[in-house]
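As structure tokens, the structure follows; a few thoughts come after it.
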Amino acid sequence: MHNAYIKGILFWYQNCCEYLEFLLNRPTKAGIPGFPETNMKNQRDSIFKRLKVAVVLPSIIVFLFMNGFPSAAAGPSKITYGSTSGIETKFLDRINRERRKRGLRPLSDNRLLSRVSLRHSIKMAEEAELSHTFPSYQSLRERLQAAGLLVNKAGENIAYCKAYLLDIVHDGFMESPSHRDNILDPDFTHCSIKVVKKDRDIYITQEFARLVTPLRQYGTAPEIEKDLAAWFKKKFRSSLTLLPAAGSFAEFCARENLRGGHVPEFNKKWGRFYVVNLIAPEIEALKKELRKRAKHIKFQGAAVGVVTGAHPQYPGGAYSVSALLFPGNKFGKTSEGKLIRYVLKEVNKIRSVHGCRALMYDKSLSKSALETAQLYYNYPEDSLRYPYAQKVRIFRSSDPRAIPSEFTGFLIDQKQSGKVGLAVFAPLKYGLPGNFFIVAIIVDHT
């Protein structure tokens with residue numbers, strides 16, 4: 001008998017046996033009641049052996065009927081595609097059906113992504129091997145970049161089968177956790193599927209991707225920064241104080257965040273604060289994460305900085321956001337007049353302990369005291385700028401009543417009564433960063 005003829009018969013027989021074995025061994029979610037697993041396996045093996053024998057003769061007859069006698073020399077294998085668009089559309093429809101069942105957005109095809117999936121299917125057919133990688137072959141991300149695609153996330157499903165098994169490939173993907181994860185990933189926006197044929201062999205590539213539109217420009221984003229700050233105030237509480245004075249530093253933090261730098265959460269002038277750094281290609285994603293992280297922090301003032309730029313994780317560019325959150329304190333909602341009365345009471349308490357008469361509150365001196373406190377906020381080391389420089393004492397504290405003990409000598413310098421000017425400057429109430437109070441005391445005995 002002709003060698004090619006024998007090979008053809010054996011090939012047909014092998015395919016029939018493979019299909020029968022697939023049907024008999026296909027996994028199920030639950031066993032058959034009343035049959036132990038070992039008995040099921042023995043019975044399956046016995047049935048399979050009998051079917052193998054029973055299939056030989058029909059296989060030979062069908063092969064002769066359909067193929068006749070093959071020629072002595074078999075021609076080279078030919079890879080074809082283009083006539084499989086119906087199969088590819090059916091695959092995408094089934095994928096989107098699975099996604100809609102679970103409330104996920106359907107995936108769209110993409111021309112450039114289709115080129116990537118087609119090239120990979122052809123490559124597998126040429127190599128006659130099912131693989132995501134080959135020697136001297138680009139990775140998936142490199143292939144996507146070479147096709148001119150900007151992608152935040154990508155995945156790939158591949159399959160090989162005989163033509164008669166094509167209908168069950170999707171079911172096989174759904175039963176495989178890793179393939180199923182790609183099909184049902186909520187982040188993906190596009191999927192392109194390409195099928196190629198090589199003789200009776202079918203090679204399938206499904207490329208999944210989250211495609212992004214590149215940002216129009218890099219640098220500062222004042223409009224986005226303004227909108228994000230307004231959204232931030234609305235989402236949290238109306239009493240939140242936005243701090244434009246800290247905007248420049250927030251932008252600096254955002255730039256450092258974009259390049260992977262670190263910003264300490266302490267500033268000698270502002271005290272302690274929290275920094276929330278985020279990077280994402282979409283503003284909505286940033287808002288969602290910012291709200292999630294900030295809700296665990298108790299803060300009273302905030303500043304937001306936004307810059308855009310290139311980032312290795314996001315080829316189309318990304319937004320870098322830094323939110324500076326300044327915690328409040330228990331006196332944050334107390335009126336300025338009440339805080340001044342607290343300080344005056346403490347001053348006269350100290351004088352009383354040392355046998356001194358009470359000092360009288362003076363509005364004119366208090367106005368100078370407020371100016372002094374504000375100067376101290378901006379120039380804490382330059383005491384020569386202060387009015388009444390020889391008659392003033394200043395301290396910074398989260399509790400305005402906590403007058404430092406070293407002020408005692410100054411406060412009891414003269415026992416007779418006099419005038420006192422008091423100011424309690426709260427930076428957050430003036431739209432400035434800082435969760436503390438600056439207290440200025442001016443004493444005049446003239």
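The values are calculated or read from the model by the stated rules, or taken from the named source; none is laboratory data. What you are looking at is a predicted structure, and each value in this text was computed from that prediction instead of being measured. Please note: Cβ atoms are built from the backbone with ideal geometry, for glycine as well, and neighbour counts cover all protein chains shown. For accessibility, only protein heavy atoms count, side chains too; no ligands or nucleic acids. Shrake-Rupley method; radii C 1.70, N 1.55, O 1.52, S 1.80 Å.
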Can you name the condition, by its number, that residue 244 falls short on among (1) in contact with a strand residue (DSSP E or B) (Cβ under 9 Å, 6 or more places away or on another chain); (2) surrounded by 15 or more Cβ atoms within 10 Å (Cβ to Cβ)? (2)
Kindly provide the set of residues from the stretch 427-446 that are more than 23 Å from residue 360 (Cβ to Cβ) and open to solvent by 10 Å² or more (accessible area, probe 1.4 Å), ordered by number. 428, 429, 430, 431, 432, 435, 436
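A quick yes/no check of all residues on (1) under 22 Å from residue 357 (Cβ atoms); (2) of a type outside the set (Phe, Trp, Tyr); (3) touching a Ser or Thr at 6+ places or on another chain (Cβ under 7 Å):
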{"site": "398", "(1), (2), (3)": "no, yes, no"}
{"site": "408", "(1), (2), (3)": "yes, yes, no"}
{"site": "411", "(1), (2), (3)": "yes, yes, no"}
{"site": "421", "(1), (2), (3)": "yes, yes, yes"}
{"site": "432", "(1), (2), (3)": "no, yes, no"}
{"site": "446", "(1), (2), (3)": "yes, yes, no"}
When the stretch 391-412 is examined, which residues are found to be farther than 16 Å from residue 344 by Cβ and touching a residue at least 60 places away in the same chain (Cβ under 8 Å)? 398
Regarding the stretch 151-158, can at least one residue be identified that is touching a Phe, Trp or Tyr at 6+ places or on another chain (Cβ under 9 Å) and of a type in the set (D, E, K, R)? yes
Only listed residue being farther than 30 Å from residue 86 by Cβ and among the hydroxyl-bearing types (Ser, Thr, Tyr), chosen from 241, 205: 241
Looking at 204, 158, 193 in this structure, which one is in contact with an Asp or Glu (Cβ under 7 Å, 6 or more places away or on another chain) and open to solvent by less than 20 Å² (accessible area, probe 1.4 Å)? 193
Scan the stretch 304-346 residue by residue and report those that are over 30 Å from residue 221 (Cα atoms), modelled with pLDDT under 85 and open to solvent by less than 20 Å² (accessible area, probe 1.4 Å). 332
Matching residues in the stretch 139-161 - criterion: being small (Gly, Ala, Ser) and at negative phi: 139, 146, 147, 154, 155, 159
Among (1) part of a loop (DSSP other than H, G, I, E, B); (2) open to solvent by 70 Å² or more (accessible area, probe 1.4 Å); (3) in contact (Cβ under 8 Å) with a residue 40 or more places away in the chain; (4) not polar (S, T, N, Q), residue 149 falls short only on (2)
Only residues that are under 17 Å from residue 270 (Cα atoms) and open to solvent by less than 70 Å² (accessible area, probe 1.4 Å): list them for the stretch 355-381, please. 373, 374, 375, 376, 377, 380
Yes or no: residue 396 at pLDDT below 95, under 26 Å from residue 266 (Cβ atoms) and open to solvent by 40 Å² or more (accessible area, probe 1.4 Å)? yes
Does any residue of the stretch 407-416 turn out to be modelled with pLDDT under 90, of a type in the set (Ser, Thr, Tyr) and either surrounded by fewer than 18 Cβ atoms within 10 Å (Cβ to Cβ) or outside any loop (DSSP other than H, G, I, E, B) (or both)? no
Those residues of the stretch 257-315 that are among the charged types (D, E, K, R), more than 11 Å from the chain's Cα centre (by Cα) and assigned to a loop (DSSP other than H, G, I, E, B) come to a total of 6
Pairs needed: first member in the stretch 161-182, among the basic types (Lys, Arg); second member anywhere, open to solvent by 30 Å² or more (accessible area, probe 1.4 Å); C-beta distance under 6 Å; at least 6 residues apart or different chains. 162/200
